[in-house]
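Enquirer: Before I ask anything, here is the structure I am working with.
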């Protein structure tokens, strides 16, 4: 069973069967000028659906806002990110924009990492990599598979009509970037 908990600093920890799966989950908004904005996540009520538990979190400042949704059942969790800029009045004035990456979801693996990454090698082709530490997870990774105790976890970056998701490794964890296509 999945559960979500707030860490210190209002980051989120994702647990599965009382074991930490991912921790220090944050949402960073990437505004024009190359500036990342990190603010504390706030819990938002989200009813989920029949047989589905859901929790939602939001981050907001004067210029931009983002939302992070976790919807989960017995063995599956869906995490959705949304980011948008607040319009400036009058709307015909120059507007704020996101840089190439609109938002970044950041998190860490609690007990080290070793797994398989399927990454976009060419625009039309993916291939596997076998990172032994998080920073070896290639840019443009589309799927990440790793072992957590006796279970396996899979992270799949998905596309929408306007944005695509890509996973890449950091020193102690991962980031999922949301960028315009």
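Enquirer: Determine if segment 32-44 includes at least one residue that is in contact with a helix residue (DSSP H, G or I) (Cβ under 9 Å, 6 or more places away or on another chain) and modelled with pLDDT of 75 or more.
Expert: No, every residue in segment 32-44 fails to be in contact with a helix residue (DSSP H, G or I) (Cβ under 9 Å, 6 or more places away or on another chain) and modelled with pLDDT of 75 or more.
Enquirer: Another one. So, of the residues in segment 165-177 that are surrounded by 13 or more Cβ atoms within 10 Å (Cβ to Cβ) and not in a strand (DSSP E or B), which turns out to be modelled with the highest pLDDT?
Expert: The selected residue is 170.
Enquirer: Let me ask something else about it. Restricting attention to segment 72-88, report how many residues are surrounded by fewer than 13 Cβ atoms within 10 Å (Cβ to Cβ) and either at pLDDT below 70 or not in a loop (DSSP other than H, G, I, E, B) (or both).
Expert: Matching residues across segment 72-88 total 1.
Enquirer: Being farther than 20 Å from residue 16 by Cα and surrounded by fewer than 12 Cβ atoms within 10 Å (Cβ to Cβ), is that true of even one residue in segment 137-150?
Expert: No, segment 137-150 contains no residue that is farther than 20 Å from residue 16 by Cα and surrounded by fewer than 12 Cβ atoms within 10 Å (Cβ to Cβ).
Enquirer: Take residue 22 and decide whether it is crowded, with 17+ Cβ neighbours inside 10 Å, at pLDDT below 75 and in contact with a strand residue (DSSP E or B) (Cβ under 7 Å, 6 or more places away or on another chain).
Expert: No; evaluated as a whole, the condition is false for this residue.
Enquirer: Of everything in segment 122-164, what is within 19 Å of residue 2 (Cα to Cα) and either outside any loop (DSSP other than H, G, I, E, B) or touching a strand residue (DSSP E or B) at 6+ places or on another chain (Cβ under 7 Å) (or both)? Give them in sequence order.
Expert: 144, 145, 146, 147, 148, 149, 151, 152, 153, 154, 155, 156
The values are calculated or read from the model by the stated rules, or taken from the named source; none is laboratory data. Just so we're clear, the structure is a prediction, and the values are computed from it rather than from any experiment. Because the Cβ atoms are built from the backbone with ideal geometry, glycine has one as well, and the counts that use them run over all protein chains shown.
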